[in-house]
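Engineer: Handing you this structure, nothing more for now.
The values are calculated or read from the model by the stated rules, or taken from the named source; none is laboratory data. Keep in mind that what you see is a predicted model, and the values were worked out from it rather than measured. Neighbour counts run over all protein chains shown; Cβ positions are idealised from the backbone, glycine included.
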Amino acid sequence: MKAIEVARFGGPEVLRLRDVPDPVPGDGEVVLDVEAADTLWLETRVRAGGGAPFFPVTLPYRPGVGAAGTVHGRRVLARLRHDGGGYATRVAAREDALFDIPDGVGAGEAAAVLHDGVTTLALLDVVKVVAGDRVLVTAAAGGLGALLVQAARAAGATVVAAARGPAKLAALRALGADAVVDYGVADWTDGVWDLTGGLDVVLDGAGGDYGRAAFDLVAEGGRFSSHGTPAGSFATADPDVARARGITATGIEAVQLAPDGFRAYLTRALAAVAAGRLTPLIGQTLPLDRAADAHAAIEGRTAIGKTVLAVT
């Protein structure tokens, strides 16, 4: 079988396609014939050596935290460890970590919502987005951001989507964002203020200076979620300022789910895709042997939406 392996930490070029023995399932495991593999920003950090202490791996390792495919003809989605080996033609997975893929949902779509779909629905429950809210989504043209735009609009919110560059903004308009803002230009927050007069909710998937600037737009009594780090760090709200303005601020820890919670949200996300209520924005589908290109696109922020590896 074929698998991507990482023998040393480094840039995307350390992702190497290898011929390796077929996996042998352990107790409670089955072997999945992989059709599509999920990719995450976090995986690029682990590959570069930044996974410890929360996501440690031992070299050499095989990346891939999620895969969609078949087990004895059953179409399933598998949630794997951070060194779980999903970037491969076959992978061993715990049977209790399998999720049935509904009819009408492709393997790539299923892989695309394995993590981002769960986080989307959990965030909307935690932040309590409701009809009439003025919502800003940063990093809106990423896999998670694109789903958040759709889910917030479905909840009845007015959604401003922030991203960088005309191609990403065009994709967000096509998804139905009420307004788009390019945060690659100076004073981008002025544009958000002009559109909204202040925000009830910020869903910050960018972090860094973008998230900190967005926090200043939240009206008294609003909600601020900081759950992304592509700009270098989580945009943690100043607790004293948040308290003084009555802002409820939450971080990524608010959507760290127990297995039962994860399963419930993923079941909902897959059902929403099957019903057409959520559509993952898959901007790039690359073959397994181009896993390095997938990581380079994610790190270089040239990827639009989700990047999926097509394995078979």
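Engineer: Quick one: would you say residue 173 is in the same structural domain as residue 133 (by TED's automatic domain parsing), surrounded by fewer than 14 Cβ atoms within 10 Å (Cβ to Cβ) and farther than 22 Å from residue 243 by Cα?
Structural biologist: Values: in the same structural domain as residue 133 (by TED's automatic domain parsing): yes; surrounded by fewer than 14 Cβ atoms within 10 Å (Cβ to Cβ): yes; farther than 22 Å from residue 243 by Cα: yes.
Answer is yes for this residue.
Engineer: Read through the list (1) in contact with a helix residue (DSSP H, G or I) (Cβ under 7 Å, 6 or more places away or on another chain); (2) modelled with pLDDT of 95 or more; (3) not in a strand (DSSP E or B), then give the number of the only condition that residue 57 fails.
Structural biologist: The number of the failed condition is (2).
Engineer: Let me ask something else. Conditions first: (1) surrounded by fewer than 20 Cβ atoms within 10 Å (Cβ to Cβ); (2) assigned to a loop (DSSP other than H, G, I, E, B); (3) modelled with pLDDT of 95 or more. Residue 280 passes all but one, so which condition is the exception?
Structural biologist: With (1) surrounded by fewer than 20 Cβ atoms within 10 Å (Cβ to Cβ); (2) assigned to a loop (DSSP other than H, G, I, E, B); (3) modelled with pLDDT of 95 or more applied to residue 280, the lone miss is (1).
Engineer: Mind checking which residues of region 245-277 are part of a loop (DSSP other than H, G, I, E, B) and within 30 Å of residue 218 (Cβ to Cβ)?
Structural biologist: Passing the criteria: 245, 246, 247, 256, 257, 258, 277.
Engineer: Residues being over 21 Å from residue 42 (Cα atoms) and free of Cβ contacts under 8 Å to residues at least 60 places away in the same chain: count how many of those fall in region 134-148. Break it down into steps so the answer makes sense when it comes.
Structural biologist: Step one: of region 134-148, the residues over 21 Å from residue 42 (Cα atoms) are 134-136.
Among the residues that remain, those that are also free of Cβ contacts under 8 Å to residues at least 60 places away in the same chain are: none.
Adding up the residues that qualify gives 0.
Engineer: Can I ask one more? Here's a check for you: in region 147-168, which residue that is surrounded by fewer than 20 Cβ atoms within 10 Å (Cβ to Cβ) and closer than 24 Å to residue 212 by Cβ is farthest from the chain's Cα centre (by Cα)?
Structural biologist: 158
Engineer: What's the number of the only condition in (1) in contact with a Phe, Trp or Tyr (Cβ under 8 Å, 6 or more places away or on another chain); (2) more than 20 Å from residue 115 (Cβ to Cβ) that residue 4 fails to meet?
Structural biologist: Status for residue 4: all satisfied but (2).
Engineer: Going residue by residue through region 10-32, is there one that turns out to be outside the structural domain of residue 143 (by TED's automatic domain parsing) and either within 18 Å of residue 114 (Cα to Cα) or within 18 Å of the chain's Cα centre (by Cα) (or both)? Even if it seems obvious, please write down each step before you answer.
Structural biologist: Applying the first criterion (outside the structural domain of residue 143 (by TED's automatic domain parsing)) to region 10-32 yields 10-32.
Checking which are either within 18 Å of residue 114 (Cα to Cα) or within 18 Å of the chain's Cα centre (by Cα) (or both) leaves us with 32.
There is at least one residue in region 10-32 that is outside the structural domain of residue 143 (by TED's automatic domain parsing) and either within 18 Å of residue 114 (Cα to Cα) or within 18 Å of the chain's Cα centre (by Cα) (or both).
Engineer: Restricting to region 264-312, count the residues that are under 25 Å from residue 47 (Cβ atoms) and of a type in the set (A, V, I, L, M).
Structural biologist: Quick first cut of region 264-312, residues under 25 Å from residue 47 (Cβ atoms) only: 266, 280-312.
Imposing the further condition that a residue be of a type in the set (A, V, I, L, M) reduces the set to 266, 281-282, 286, 288, 291-292, 294, 296-298, 303-304, 308-311.
Total satisfying the criteria: 17.
Engineer: Criterion first (in the same structural domain as residue 131 (by TED's automatic domain parsing) and in contact (Cβ under 8 Å) with a residue 60 or more places away in the chain) does residue 222 satisfy it?
Structural biologist: Numbers: in the same structural domain as residue 131 (by TED's automatic domain parsing): yes; in contact (Cβ under 8 Å) with a residue 60 or more places away in the chain: no.
So residue 222 fails the test.
Engineer: Suppose we filter region 107-128 for residues that are in a helix (DSSP H, G or I) and among the basic types (Lys, Arg); how many remain? Please lay out each step first, then the result.
Structural biologist: Quick first cut of region 107-128, residues in a helix (DSSP H, G or I) only: 107-113, 116-127.
When the remaining residues are screened for being among the basic types (Lys, Arg), the result is none.
The qualifying residues number 0.
Engineer: Still on this model: Looking at 204, 194, 216, 238, can you tell me which residue is of a type in the set (D, E, K, R) and buried (at least 23 other Cβ atoms within 10 Å of the Cβ)? Before you say what the answer is, go through the steps one by one.
Structural biologist: On the way: 194 fails: buried (at least 23 other Cβ atoms within 10 Å of the Cβ); 216 fails: buried (at least 23 other Cβ atoms within 10 Å of the Cβ); 238 fails: buried (at least 23 other Cβ atoms within 10 Å of the Cβ).
Exactly one of 204, 194, 216, 238 is of a type in the set (D, E, K, R) and buried (at least 23 other Cβ atoms within 10 Å of the Cβ), namely 204.
Engineer: From the set of residues in region 72-106 that are aliphatic (A, V, I, L, M) and in a strand (DSSP E or B), which is surrounded by the fewest Cβ atoms within 10 Å (Cβ to Cβ)?
Structural biologist: Step one: list which residues in region 72-106 are aliphatic (A, V, I, L, M), which gives 76-78, 80, 88, 91-93, 97-98, 101, 105.
Filter once more, so that each one left must be in a strand (DSSP E or B): 76-78, 88, 91-93, 98.
Working: 76: 22, 77: 25, 78: 28, 88: 28, 91: 28, 92: 18, 93: 28, 98: 16.
It comes out as 98.
Engineer: Of the numbered conditions (1) in the same structural domain as residue 304 (by TED's automatic domain parsing); (2) at pLDDT 95 or above; (3) crowded, with 20+ Cβ neighbours inside 10 Å, residue 109 fails exactly one; give the number of that condition.
Structural biologist: (1)
Engineer: Of everything in region 1-58 that's surrounded by 18 or more Cβ atoms within 10 Å (Cβ to Cβ) and of a type in the set (Ser, Thr, Tyr), which residue is nearest to residue 93 (Cα to Cα)?
Structural biologist: Going through the qualifying residues, I end up with 39.
Engineer: Would you mind stating whether residue 242 is in a helix (DSSP H, G or I) and touching a Leu at 6+ places or on another chain (Cβ under 8 Å)?
Structural biologist: Working: in a helix (DSSP H, G or I): yes; touching a Leu at 6+ places or on another chain (Cβ under 8 Å): no.
So residue 242 does not fit the description; no.
Engineer: Within the set of pairs 6 or more residues apart or between chains, which connect a residue that is farther than 21 Å from residue 2 by Cβ inside region 23-45 to a residue that is outside any loop (DSSP other than H, G, I, E, B) and among the basic types (Lys, Arg) with Cβ atoms less than 7 Å apart?
Structural biologist: These pairs meet every condition: 28/94.
Engineer: Any residue that is farther than 23 Å from residue 202 by Cα, under 19 Å from the mean Cα position of the chain (by Cα) and either loosely packed, with under 15 Cβ neighbours inside 10 Å or outside the structural domain of residue 120 (by TED's automatic domain parsing) (or both) - is there at least one of those in region 243-256?
Structural biologist: Our first condition is that a residue be farther than 23 Å from residue 202 by Cα; within region 243-256, this holds for none.
Looking through region 243-256, none of the residues is farther than 23 Å from residue 202 by Cα, under 19 Å from the mean Cα position of the chain (by Cα) and either loosely packed, with under 15 Cβ neighbours inside 10 Å or outside the structural domain of residue 120 (by TED's automatic domain parsing) (or both).
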